[in-house]
Amino acid sequence: MKSVVIIGASHAAAQTCVSLRQGGWEGDITVIGDEAVLPYHRPPLSKDFLSGQKSIDDILIRPAEVYEKAKIDLKLGHRVGSINRHEKSVLTDDGQVFSYDKLVLTTGARIRRLPIAGEDLEGVFYLRDTKDVLAIKAKAETATKAVIIGGGYIGLETAASLRKQGLEVVVLEAMPRILQRVTAPEMSQFYKRIHKEEGVEIFETVIASEIQKTDKGLSVSTSCEKTFQADMVIIGIGVIPNIDLAETAGLNIGNGIEVNAFCQTSDPDIYAAGDVSWHYNAIYDTHLRLESVPNATEQAKVVAQHINGTPKPYNSLPWFWSDQFDLKLQIAGLSTGYDEVIIRGDAETSRNFAAYYFKKGRFIAVDAVNAPRDFMFGKMSLTKGVNLDRSKLANLSIDLKNCVAL
C-alpha cells in the first residue's frame with residue numbers, strides 16, 4: 001500500500017491529510033511534528049490564547065477524533081533530521097525511519113532572533129508556538145510592564161493583548177513607522193493613534209541595542225540613548241522559512257522551497273505547502289512566500305488533489321487579517337509597490353475605514369478596518385480582475401452582488 005508522509009504538524013499539514021482522505025486516498029498517511037500537541041490555529045496565539053480567552057483545546061484545528069477516524073498516524077513530538085530521496089525515506093531524531101511514495105513539506109517558519117546581548121535572558125520571550133505563549137502568560141500574571149521589540153502585526157497584537165490584561169506596554173520599532181513594510185502611512189498613523197488611545201506607548205526609529213538584568217527586572221538600551229525598564233520583554237521581528245531539510249536534500253530553494261503550480265518541488269514526489277513554499281502567483285506576476293492561513297489551506301488542497309490524480313493549479317488571491325482591541329483588519333491582495341492610496345471613510349477620528357491601493361492606475365489591494373463590505377468588495381474585484389474607478393472610490397456605494405462601485 002502506498003504512503004504519504006507529511007513533515008510539520010501545521011495548518012497545511014492538517015488540511016493536506018484530511019483532503020487526501022476526502023479525495024479518495026486509501027494508503028497510509030503519517031504526519032510528523034516536533035511539537036507534542038495536535039495541529040492548532042496560530043493566529044490566536046498573540047490574541048485570544050495570550051489574553052486567556054481561549055485554551056489550547058479551543059484553538060485546535062481539528063479534534064483528535066477526526067484524525068483517528070481518518071486513520072491518520074500522528075507522530076507528535078518528533079523532529080525529522082534528514083530526507084533520503086534515493087531511498088524515499090525520512091529519518092527522525094530518535095532513529096525512526098518512515099518510507100514514502102509522496103512526501104509533503106509543511107515545515108513552516110521559525111522566529112528571527114534579535115542579534116543583541118541579553119536576548120536570551122530570563123524574562124525575554126519570542127512568540128511562535130504554544131510553549132512560548134504559555135511562558136508569556138505565566139510571566140504576565142505577575143508583571144506590570146512589558147517592552148515589545150517590533151512594531152509589526154505580531155508585536156501590535158501582543159501589545160493589545162497584554163494591555164487588555166492591565167500591563168503597561170511600550171512598543172519599540174526600528175523603522176520610521178510601525179507596519180512600514182506592509183502598509184501605507186495612513187494605516188500606520190491610524191494604528192499608532194488607536195494604541196495611544198488604549199494606553200500603549202509607541203517609539204519609532206528606535207533600535208534596541210542591549211537587554212540587561214537589573215535589580216528591578218530588565219532594562220532595554222536603545223539607539224536613541226533612552227533606556228526602558230520592564231518586567232518582561234517580547235521580541236517579534238519576523239520569521240525565517242524552515243528550508244534546512246529541503247536544502248540539504250538538494251531541492252531548489254528561492255525565498256523558501258520553490259514549487260510549481262501544483263506545489264511540487266524540483267523532485268516531483270516531494271511537495272511543499274504553507275509558509276515555507278515559494279510559488280508563482282499569476283495575479284501579481286511574481287513569486288511569493290506567504291505567511292497566511294488561507295494560503296496554507298488552499299495549497300494543502302492543491303497538494304492533495306494532485307496526489308489523488310485530480311490536479312488543479314494553485315492561483316488564489318492572498319488575503320490576511322489582524323485583530324487588535326476592537327479592530328478587525330482584513331486585507332485582500334498585496335500592496336507592495338503601490339504608488340497611490342485612496343481612503344474611504346475617516347481614518348483620523350473613527351475606528352472603521354478602508355485604504356485602497358493602486359499601482360500605475362491598477363487596483364492591487366485593500367486594507368479594511370471594521371469594514372467587511374469593503375474587504376469583500378476589494379477581494380471580489382481583485383479575484384475577478386475588475387479595476388476600480390478612483391474618482392468614485394472615496395464616496396462609493398458598494399454593490400457586492402455585481403461587484404461594482406456606484
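In the stretch 218-240, the residues that are in contact (Cβ under 8 Å) with a residue 12 or more places away in the chain and closer than 21 Å to residue 128 by Cα reach residues that are open to solvent by 60 Å² or more (accessible area, probe 1.4 Å) and assigned to a loop (DSSP other than H, G, I, E, B) with C-beta atoms within less than 8 angstrom, at least six apart or across chains, in these pairs: 231/142; 231/144; 235/113; 237/112; 238/112; 239/112; 239/291; 240/112.
Filtering the stretch 141-154 to residues that are in contact with a strand residue (DSSP E or B) (Cβ under 8 Å, 6 or more places away or on another chain), more than 15 Å from residue 327 (Cβ to Cβ) and either in a helix (DSSP H, G or I) or not hydrophobic (A, V, I, L, M, F, W, C) (or both) leaves 144, 145, 150, 151. Scanning the stretch 321-355 for residues that are open to solvent by 30 Å² or more (accessible area, probe 1.4 Å) and assigned to a strand (DSSP E or B) turns up 321, 323, 328, 330, 340, 341, 343, 344, 345. Return the residue satisfying two criteria in turn: it lies in the stretch 194-208 and is surrounded by fewer than 21 Cβ atoms within 10 Å (Cβ to Cβ) and touching a residue at least 40 places away in the same chain (Cβ under 8 Å), and of such residues it is farthest from residue 151 (Cα to Cα). Among them, the one singled out is 198. When the stretch 189-207 is filtered for residues that are in a strand (DSSP E or B) and over 14 Å from residue 176 (Cα atoms), the ones remaining, listed by number, are 200, 201. Taken over the stretch 8-26, the criterion of being part of a helix (DSSP H, G or I) and farther than 18 Å from residue 309 by Cβ is satisfied by 11, 12, 13, 14, 15.
When residue 171 is tested against (1) in a strand (DSSP E or B); (2) more than 23 Å from the chain's Cα centre (by Cα), just one condition goes unmet, and that condition is (2). Among the residues examined, residue 71 qualifies as in contact (Cβ under 8 Å) with a residue 12 or more places away in the chain and open to solvent by 80 Å² or more (accessible area, probe 1.4 Å).
Please go through the stretch 10-33 and give me each residue that is within 30 Å of residue 162 (Cα to Cα), modelled with pLDDT of 95 or more and open to solvent by 10 Å² or more (accessible area, probe 1.4 Å), ordered by number.
11
Residue count for the stretch 267-291, restricted to those that are among the acidic types (Asp, Glu) and over 19 Å from residue 245 (Cβ atoms): 1. The stretch 216-320 holds strands (runs of 3 or more DSSP E) entirely within its bounds, and those carrying 3 or more residues that are among the polar types (S, T, N, Q) map to 217-222.
Residue 296 meets the stated requirement of being surrounded by 19 or more Cβ atoms within 10 Å (Cβ to Cβ), under 20 Å from residue 105 (Cβ atoms) and either under 15 Å from the mean Cα position of the chain (by Cα) or among the hydroxyl-bearing types (Ser, Thr, Tyr) (or both). Checked against (1) farther than 30 Å from residue 354 by Cβ; (2) surrounded by 15 or more Cβ atoms within 10 Å (Cβ to Cβ); (3) out of contact with any Asp or Glu (no Cβ under 7 Å at 6 or more places or on another chain); (4) not aromatic (Phe, Trp, Tyr), residue 216 passes all but condition (2).
The values are calculated or read from the model by the stated rules, or taken from the named source; none is laboratory data. Quick caveat, the model's predicted, so the values are computed rather than measured. So basically every Cβ, Gly included, is an ideal-geometry build from the backbone, and we count neighbours across all protein chains shown. For the accessible areas, the whole protein counts, side chains as well, though only heavy atoms, and no ligand, DNA or RNA atoms are used. Shrake-Rupley method; radii C 1.70, N 1.55, O 1.52, S 1.80 Å.
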